[in-house]
Amino acid sequence: MTTIAYRHGLIAADTQIIGGNCISAAGVAKIAKRKKDSALCGASGYLSFCQAFHRWFLAGERGKFPTFHDGDRAFVAIKGKPIEMFESVGSFDYEPEYLAIGSGMEFAMGAMHAGANAIDAVAAAIKHDPGSGGEVMSFRHGR
């Protein structure tokens, strides 16, 4: 359970991990940024998938592609290119005005529809989604 939001080159995520009905960890990175091209990625679902997706992404999208479990989702955002969304059935490119994934995505999408940036959208999700919590972590293209 998580919330990851992306809008205008800014990605943000909560940092809490839920195991069953219990908070099992805080301070967990669910997003990553590659130094060489400022590409951003986010992954939600099982922690093992998220960490494997981040390793694959940070290695320049080379090597063994992570195994998806039911409910796992991820995306890669490279400035000036369509976003590549990954799901258990495959991947696809699209160019939304903004996007969110995870258990708090509806709250984040509503906040961004009302004009919020990705950080404020994740903060709104943390307030309303019991599966999201902790601090808000963020990265921006180019910085």
*What number of residues within the range 116-143 are of a type in the set (Ser, Thr, Tyr) and either outside any strand (DSSP E or B) or at positive phi (or both)?*
1
_Please go through the range 102-134 and give me each residue that is of a type in the set (D, E, K, R) and closer than 10 Å to Ala5 by Cα, ordered by number._
Asp120
*asked:* Are there strands (runs of 3 or more DSSP E) fully within the range 1-115 with at least 2 residues that are at pLDDT below 95 and open to solvent by 60 Å² or more (accessible area, probe 1.4 Å)? List them.
replied: 22-26, 90-94
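Of all the residues that make up the range 116-143, how many are open to solvent by 40 Å² or more (accessible area, probe 1.4 Å), touching a strand residue (DSSP E or B) at 6+ places or on another chain (Cβ under 7 Å) and modelled with pLDDT of 95 or more?
Number satisfying all stated conditions: 9.
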*Which ones in the range 107-143 are touching a helix residue (DSSP H, G or I) at 6+ places or on another chain (Cβ under 8 Å) and among the acidic types (Asp, Glu)?*
Asp120, Asp129
*Considering Ala74, Ala39, which residue is touching a helix residue (DSSP H, G or I) at 6+ places or on another chain (Cβ under 6 Å) and either among the aliphatic types (A, V, I, L, M) or touching a residue at least 24 places away in the same chain (Cβ under 8 Å) (or both)?*
Ala74
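The values are calculated or read from the model by the stated rules, or taken from the named source; none is laboratory data. Computed from a prediction, not measured in an experiment: that's the story for all the values here. Heads up, the Cβs are rebuilt from the backbone with ideal geometry, glycines too, and the neighbour counts pull from every protein chain shown. These area figures cover heavy atoms from the full protein model, side chains too; ligands, DNA and RNA do not enter into them. Shrake-Rupley method; radii C 1.70, N 1.55, O 1.52, S 1.80 Å.
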